[in-house]
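Where a number appears in this text, it was derived from the coordinates with a stated rule and is not lab data. None of the values given here were measured: they were computed from a predicted structure. Cβ coordinates were reconstructed from backbone atoms using ideal geometry, including for glycine residues, and neighbour counts include every protein chain displayed.
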Amino acid sequence: MQTPRHKLDPPIIGTSDAMESVVRLIARLATSEVNVLITGESGTGKELVARNLHSCGPKKTKPFVAVNCAALNPGILESELFGHGRGSFTGAVTPHAGLFEQADGGTLFLDEIGELPLFAQAKMLRVIQDREVRRMGSAAVRRVSIRILCATNTELEREVREGRFRLDLFYRVNVVRVHLAPLRERAADLVDLTDFFFASRGLLPPTLSKQAREALFRYHWPGNVRELQNELDRMVALYPGLTEIKTSMLSERIANGNARERPFDVRLLSDTPLPEAVGYLEENLLRKTLEKTNWNKSKSARELGLSRQGLLKKIKRYGITGRARDLTS
Ligand SMILES: Nc1ncnc2c1ncn2[C@@H]1O[C@H](COP(=O)(O)OP(=O)(O)OP(=O)(O)O)[C@@H](O)[C@H]1O
Ligand SMILES: [Mg+2]
């Protein structure tokens, strides 16, 4: 079964073999009810695939509810996901429908499922298995009819081996897997993505100088499509009306084909506004600590004097990625 490209919503760009097979898989899975696990590095388009699995299927007019499991505060996680009855805890004045109920009839997208704490995994398993939700502090059981899509940028098998993710839940969510290759492995898509980016902002796509094209192809793209978008955003801001992308317009790390961060030099900051300088320092320190602890987030948080939630928030704010680079280089 073929999904014509124009039916994709939002559009998925790329004609590399890897992307073509993802699009074919979406066409086959969109009409089915099966739980899908979407894997890939940060910024590869996992949420984009989830939205397409919803919008190309029969439930497209029903709700699509996305939840980032890493951003849920453990204190309110249960009530967010499963809801709560009146007076089930201090402050629960009115009853509240959780995300599972809000997604009823449609799709629930559980992003960063690997970050879900073990205590919530047990309850999640029951809901996924029985399609029944019981709000916290309430005896009533409500049936929900939902499609469950999950995404992760960590290797869930390893989380299972190391006891952080329940094997039974893993089997439930990993019925079919859609894997998104990192951008560096489908450089063929770079030019199409660049053209699409400009066109979607109502701009004429520029040409690429030979050197700029080589630099884009050589670069490691640890932040994948999102990093490419940021780079193009930067270019549009700095060179309005550009008609050709030249190497001199690229960020230094990309122009030099060097994915590693340069050592931090405080002299770089002498003319920088304070908030920007502090942000730069913070990002640098986060990256160093994460690399040192081999992306052990709890350990990094301890070393930095942050809560784990606090660290995750900052990682997200700065769009820090690195596990993949650590594994591949
Ligand atoms: N093939 C593609 N075609 C068009 N846009 C894309 C493609 N892949 C990714 N994007 C865009 O790149 C951005 C990042 O994609 P998305 O948020 O889906 O990534 P992700 O894998 O969920 O990232 P993260 O792990 O950081 O949450 C989005 O703006 C998305 O629309
Ligand atoms: Mg995402």
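Amide H contacts of GLY40 (H built 1.01 Å from N, in plane; Pro and chain starts excluded): THR152, LEU180 sit under 5 Å, all sequence-distant by 5 or more or on other chains. Averaging the sequence gap over all C-alpha pairs within less than 8 Å and six or more residues apart, then dividing by the number of residues, gives the chain a relative contact order of 18 percent.
Only DSSP H runs of four or more residues enter the estimate; each adds -39500 (n - 2.57), and after division by the residues of the chain the mean residue ellipticity at 222 nm equals -13000 deg cm²/dmol.
Against the chain, whose longest principal axis is taken from its Cα atoms, helix 224-238 shows a tilt of about 50°. Extending 7 Å from the Cα toward the beta-carbon at both ASP130 and ARG143 defines two label points whose distance is 1.4 nm.
Taking 0.36 nm per residue of separation and subtracting the current Cα-Cα distance, fully stretching the chain between SER307 and ASP192 would add 37.3 nm. Here the extension length gained between GLU244 and GLU157 equals 26.9 nm, from 0.36 nm per residue of separation less the Cα-Cα distance.
Remark: spin-label model distance LEU118-ASN256 equals 4.4 nm, labels positioned 7 Å along the Cα→Cβ axis. For LYS246, the lysines whose Cα comes closer than 27 Å to its Cα, not counting residues fewer than 8 places off in the same chain, are LYS210.
For the chain, with a Gaussian network of springs between Cα atoms less than 10 Å apart, report the residue from ALA50, ALA71, ALA140 with the top mean-square fluctuation. Most flexible of the set in this elastic network: ALA140. Potential lengthening of the chain between ARG234 and LEU204 amounts to 9.2 nm, from the contour at 0.36 nm per residue minus the alpha-carbon distance. Measuring between alpha carbons in the structure, the pairs from LYS46/LYS316; LYS123/LYS313; LYS7/LYS313 lying more than 23 angstrom apart are LYS123/LYS313; LYS7/LYS313. Listed peptides 172-181, 36-45, 150-159 appear in the order 36-45, 150-159, 172-181 once ranked by packing, highest mean of other Cβ atoms within 10 Å at the front.
On a C-alpha basis, how far is the centre of region 100-176 from the centre of region 35-80 in Å? Whole number, if you could? If you average the Cα positions of each part, the centres end up 11 Å apart. In straight-distance terms, cross-link reach from LYS60 covers every one of the aspartates and glutamates whose alpha-carbon lies under 20 Å from its own, apart from those fewer than eight places away in the same chain; here that gives ASP9, GLU33, GLU47, GLU101, ASP104, ASP111. Taking every C-alpha pair closer than 8 Å and separated by at least 6 residues, the mean separation divided by the residue count of region 5-180 gives a relative contact order of 30 percent. Considering only GLY105, ALA151, ALA199, and ranking their Cα positions along the charge dipole of the chain that arises from unit charges at the beta-carbon of Lys, Arg, Asp and Glu, the one farthest toward the positive end is GLY105.
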